[in-house]
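In what follows, a single structure is set out as structure tokens and then discussed.
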Amino acid sequence: MSETAKIILEGKTYELPVVTGSEGEKAIDISKLRSETGYITLDLGYKNTGSTTSAITFLDGEKGILRYRGYPIEQLAEKGSFLEVAYLLLNGELPNAKELEEFEGNIRYHSLVHEDMKHFFQFFSSNAHPMGILSAMVSSLSTFYPKSQTPNRPSKDVIRTIYRLIAKMPTLAAISYKKNLGQPYMYPDNSLGYVENFLHMMYGMPTEKYVPDPVVVDALNKLLILHADHEQNCSASTVRMVGSSQANLYSAISAGIAALWGPLHGGANQKVIEMLETIRNDGGDIHKWVDKAKDKNDPFRLFGFGHRVYKNFDPRAQIIKRSSDQILGKLGINDPVLEIARHLEEIALKDDYFIERKLYPNVDFYSGIIYRAIGIPTRMFTVMFALGRLPGWIAQWKEMIEDKEPISRPRQIYTGANKRDYVPIAQRK
Ligand code: CMC
């Protein structure tokens, strides 16, 4: 007999089915709970709630395991290319040589953004945050491609939307950076690979050919892979939620970018560097800042520490830490901020507060050090995260559409005023 969970409510016992995942993860299926008992479950921040079943990414936070479609993240980061991993996330299998060539060709074909879109950029203020620009521009892509408004059935238009998104995001991201600098926008060069093309649009000038350093290309490729998916995190859940109303994919991705921007999620990578710089400018007294992070009356938190699901170590942070040492070595960079990061990690990892709460460095703690080393400006860090996360968001959206999931609509327990009658303004005290 299959496993069930028993719940006793008002003296009556109900049996609820237990669902087991392919890696042995267990869930109590409460989908009929309300109709059968009148009760709902309450779980602020969804700390214990599975919002879906998914075959894309497996994560074991206790053991520090992360796999895309079954492949360990360590192997993908070591040997794969970002577009190969994007294909894997979207289609469930690694591409063969012909499939990859075709996929890369489709991405190249769509890399230009419509000339009219450049006018949009003109009106952002020159210090607009690139994440705000990116989210707005991705959303406005839907106005250029009206056929993308039919997201609920797999069609050529949907597939084209997916190619367009993966192809145009680096172009839009680079333009948002050039906008900040007041430099001319660069057209994509489709003779280049995905990562090289992005670097060309970021650092190239019409007057001068930019030749990327292979060390930089390799580092960026790795970082994009490490960020490519992370199952039902805040931004992926946002993409699925927006998409569940059958809003178009551009809008859903734009919402995902907005969710990622927050400092508790992807925005933490910018905050980490700003925090390390503040500590350095303040004289480098790390104990003082660790104490501030522990003080419940102080809003300061150690950015880059702690994770909702990793309670032992973040496998992405371990890979990034190793490669940051190699990259800085290869590029001959001696970054004083890295020294502060190392000290901070050392002190925090020995501190009871962090040990008891299982707070370890997360992916954002060291990624900023690499971005800095390869010349990415701090305000672009979260944009880099978004570029990496894009295939994961699309894969999550695609799965949700293909599985015909219902519209996301949580319930609540109301705690407001009970019924009362309207009082005309003249009679109010
Ligand atoms: N510094 C100091 N205390 C912390 C930190 C931190 N970075 N993170 C968590 N805590 C404390 C928190 O105050 C709480 O203490 P207590 O039990 O005494 O009230 C306890 O640890 C549990 O924290 P929580 O906020 O309930 O945990 P959560 O799962 O809701 O939040 C988190 C996870 C990532 C939002 C949080 O750890 C945090 O704010 N970290 C800093 C921001 C950050 O680095 N975010 C990037 C996450 S990785 C990239 C991504 O995938 O998004």
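Show the residue pairs that are 6+ apart or on different chains and have beta-carbon atoms under 7 Å apart, the first residue being within the range 32-49 and assigned by TED's automatic domain parsing to the domain that holds E231, the second being more than 16 Å from the ligand (Cβ to nearest atom) and modelled with pLDDT of 95 or more.
As it stands, the answer is none, since no pair meets every condition given.
Could you name every one of the strands (runs of 3 or more DSSP E) located completely within the range 1-95 that has at least 2 residues being among the β-branched types (V, I, T) and in contact with a Lys or Arg (Cβ under 6 Å, 6 or more places away or on another chain)?
In the range 1-95, 12-20 are the strands (runs of 3 or more DSSP E) which contain 2 or more residues that are among the β-branched types (V, I, T) and in contact with a Lys or Arg (Cβ under 6 Å, 6 or more places away or on another chain).
Taking into account only those residues within the range 255-265 that are surrounded by 24 or more Cβ atoms within 10 Å (Cβ to Cβ) and not β-branched (V, I, T), which is farthest from the ligand (Cβ to nearest atom)?
Once the filter is applied, the top-ranked residue is G256.
Looking at this structure, is E196 acidic (D, E), under 24 Å from the mean Cα position of the chain (by Cα) and surrounded by fewer than 20 Cβ atoms within 10 Å (Cβ to Cβ)?
Judged against the criteria, E196 is a match.
Do we find that P406 is more than 30 Å from I175 (Cα to Cα) and surrounded by 24 or more Cβ atoms within 10 Å (Cβ to Cβ) in this structure?
So P406 fails the test.
For the list (1) surrounded by 13 or more Cβ atoms within 10 Å (Cβ to Cβ); (2) hydrophobic (A, V, I, L, M, F, W, C); (3) under 26 Å from the mean Cα position of the chain (by Cα), I need the number of the one condition that I40 fails.
Result: I40 fails condition (3) only.
Within the set of pairs 6+ apart or on separate chains, which have a first residue in the range 343-368 that is of a type in the set (K, R), a second that is within 11 Å of the ligand (Cβ to nearest atom), and C-beta atoms under 6 Å apart?
K358/K311
Check V309, V217, V272 and return the single one that is farther than 27 Å from G50 by Cβ and either near the ligand (Cβ under 9 Å from one of its atoms) or in contact with a Cys (Cβ under 9 Å, 6 or more places away or on another chain) (or both).
V272
Being aromatic (F, W, Y) and touching a residue at least 12 places away in the same chain (Cβ under 8 Å) is the filter; apply it to the range 279-306 and report the residue that is farthest from the ligand (Cβ to nearest atom).
Among residues in the range 279-306 that are aromatic (F, W, Y) and touching a residue at least 12 places away in the same chain (Cβ under 8 Å), the one farthest from the ligand (Cβ to nearest atom) is W289.
Regarding F120, is this residue outside any helix (DSSP H, G or I), surrounded by 14 or more Cβ atoms within 10 Å (Cβ to Cβ) and not hydroxyl-bearing (S, T, Y)?
In short, no.
The values are calculated or read from the model by the stated rules, or taken from the named source; none is laboratory data. Small disclaimer: the values here were computed from a predicted structure and weren't measured. FYI the Cβ positions are ideal-geometry reconstructions off the backbone, even for glycines, and counts take in every protein chain you see.
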